[in-house]
Amino acid sequence: MIGLFKVKEKQREQAQNASRGGGASVKKQSAGELRLHKDISELNLPSSCTITFPNGKDDLMNFEVSIKPDDGYYHNGTFLFTFQVSPVYPHEAPKVKCKTKVYHPNIDLEGNVCLNILREDWKPVLNVNTVIYGLFHLFTEPNSEDPLNHEAAQVLRDNPKLFETNVRRAMMGGYVGQTQFPRCI
């Protein structure tokens, strides 16, 4: 809480300096931006995950996370996710999309992600770090019981060896059924 007061105090000082002609005006940050700034400064990501800000550090509300699983079916693949964070964060979960087309039971071909903490189980005590770990977990332990890609979930349930073959084929840039996947390995 003390850090929050320091940020507010610094903003007030900058605004006063700007009004005296001492610099540019300061954009007031929303509560969501303040919380996100705190969450990002406290990130503790797995070594196989990286975060980037394509619009620069001034736009913390839109960023990308790259996940490269070091275990499981998706070992050595690289998967890119975009995050859009609402100004009312943490009262609303971030909007997350997978930009890498992937054969996965919990990610559909349009990049929508089925992760319970992004929907009904979101709570304001959760944060971006929790979401990234949840996404990472989807690659180490895909969940066939709550699918977006029903065909992939069915194959995972009924024939794990075929599922593994399909994942490898997709990650190498091949076809699974009628769908071609971009190489991500």
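The values are calculated or read from the model by the stated rules, or taken from the named source; none is laboratory data. None of these values were measured; they are calculated from a predicted model. Using ideal geometry, Cβ is built from the backbone for each residue, glycine included, and neighbour counts are taken over all protein chains shown. The accessibility values were calculated without ligands, DNA or RNA, using every heavy atom of the protein model including side chains. Shrake-Rupley method; radii C 1.70, N 1.55, O 1.52, S 1.80 Å.
A Cα-only calculation for the chain places Rg and Dmax at 19.9, 70 Å. At most 12 other C-beta atoms within 10 Å and a DSSP loop state: those are the exposed GluC sites (Glu not before Pro) I care about. Give me the longest piece of the chain that has none. Looking at the chain, 43-109 is the longest stretch - no exposed GluC sites (Glu not before Pro) with at most 12 other Cβ atoms within 10 Å. Modelled spin-label separation between I117 and E42, with each label point placed 7 Å from Cα along the Cα-to-Cβ direction: 1.3 nm. Of the trypsin sites (Lys or Arg not before Pro) found in the stretch 78-185, those that fall in a DSSP loop while having at most 14 other beta-carbon atoms within 10 Å are K99, R119, R183. Heavy atoms only, probe 1.4 Å: what % of the accessible area of the chain goes to carbon and sulfur, would you let me know? Percent of accessible area from carbon and sulfur atoms in the chain: 51.
Of the DSSP H helices in the chain, not one has a Cα length along its own long axis of 27 Å or more together with a mean Kyte-Doolittle hydropathy reaching 1.6.
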